[in-house]
Amino acid sequence: MDPIKSINEVKLGILQEVGNIGAGNAATALSKLVNKKIEMNVPVVRVISFQELMDLYGGPDEMIAAVFLRIEGEVTGSMFYLLPVDKATFFARLLTGMKDITLTNSGNSELALSALQEMGNIMAGTYLTALSEFIQMRLTPSVPEVGIDMFGAIISYGLLEISKVSDYAIMIDTVLKTETEEDNGLIKGHLFLLPDPESFEKIFSALGV
Amino acid sequence: MNMENRKIINVGIAEMDVVRTPDLIRTSGLGSCVGVILYDLDQELAGLAHVMLPDSNLSRNNTIHPAKYADTAVPALLDRLVSYGASRKKVKAKIAGGAQMFKISSKNDMMKIGLRNIEAVKKELERLTIPLIAEDVGGNRGRTIIFNPKSGILTIRTVNLGSKEI
């Protein structure tokens, strides 16, 4: 039996709570950083085939901005902050004060990229700190990296570890969005946690499930 | 050729498939994964596998999904192509992908998997004496690839850089 597919509803509920606690803190941090009210949706926890995952957010070809980091420590996994390129550009302009920045997948200014990287760093850091306190385990995030490229090419990095044991992943996906419309509509991004397969049981046993 | 009836068959991650003219075969969003195309121009047949990992020894699962690993995908795709009527000796290969999208310094060596995937696919092609006609591998960009079994041309699209043919 597939070890991922066989995870039951109660356990998925636990993972939803993990997402809730982590993303709640990340939303607060983002709100302070950009000085805007940020709303958060209830996290979506899904057991999903690799191909279904690749088909999310406009599909594997869709150009997307991503901040990616690996989680190391007692629990391991991959974390992504994903947003449309024009929304990432909005944040980069806001954070740097440079109105003429446009993000592409080549030749971006160091400043724009480091602004996004720092944003990812703060959000993932607060998410993981909250998660670490919740499960009483040490989590160490890597330095985040920014990627602006095809969604499939980026998200597949989060599947590498899990692909050794399964053809399914469990995604913990939380939408963070501005409360009010900006020049180009609501600024909406996804905080996306893909734990490695060994991490699930560690999380569950830490919480007595 | 009747273009109206032409289909493009999409191959998902860790999957494989075979097409015959006039259809085309495509896989989208290759990052560290490698797209392997085996084809027989005489029969106008082509197979594509979207390989994720270099070696099935990495698997900790009892059931191995052949298209996922380089060492199992290449022979499985060859068998599939031959079962569709390809002549074993006429089969040639083109490959694309194996990028390193992120430079993360991690204890996890999976972050450098692109290069290992390329090497493993090439090793398997060599073992099976399948000539590698063209490749577009490495770098740090995602790729979407489409192969035409009639012309033998592999079209590679990247974000912003447009497309090229090999």
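Values quoted throughout were computed directly from the atomic coordinates according to the rules given, and no laboratory measurement underlies them. If you're wondering where the values come from, they're calculated on a predicted model, not measured in any experiment. So basically every Cβ, Gly included, is an ideal-geometry build from the backbone, and we count neighbours across all protein chains shown.
Which value in Å is the Kirkwood Rh of the stretch A:9-206 over different Cα pairs?
16.9
Can you tally the net charge around B:R80? Count Lys and Arg as +1, Asp and Glu as -1, for every other residue whose Cβ sits under 14 Å from the Cβ of B:R80.
Taking every other residue near B:R80 into account, the sum is -2.
Would you mind checking A:K5/A:K36; A:K177/B:K112; B:K103/B:K123 for any pair whose Cα atoms are more than 28 angstrom apart?
A:K5/A:K36; A:K177/B:K112
How do B:140-150, B:26-36, A:150-160 rank on mean C-beta neighbours within 10 Å, highest first?
B:26-36, A:150-160, B:140-150
Inside 10 Å of the C-beta atoms of B:11-21, what's the mean count of C-beta atoms belonging to other chains?
3
For the protein assembly as shown, taking Cα atoms only, what is the radius of gyration to one decimal and the Dmax to the nearest whole Å?
21.4, 65
Over the stretch A:57-209, calculate the relative contact order: mean separation of alpha carbon pairs under 8 Å at least 6 apart, over the residue count, as a percent.
35
How about A:K11: which aspartates and glutamates have a C-alpha closer than 14 Å to its C-alpha, ignoring those fewer than 8 places off in the same chain?
Qualifying aspartates and glutamates at Cα under 14 Å: A:E201.
If I take every Cα pair under 8 Å that is 6 or more residues apart in chain B, average their sequence separation and divide by the length, what percent do I get for the relative contact order?
26
Taking a cut-off of 18 Å between Cα atoms, list the lysines near B:K164, but don't count ones fewer than 8 places away on the same chain.
Reachable lysines: B:K94, B:K150.
Given the C-alpha atoms of the stretch B:3-165, compute the convex hull and give its volume per residue in Å³.
108
Just for the protein assembly as shown, what percent of DSSP beta bridges are antiparallel, to the closest 5?
So the antiparallel bridges amount to about 90 percent of the total.
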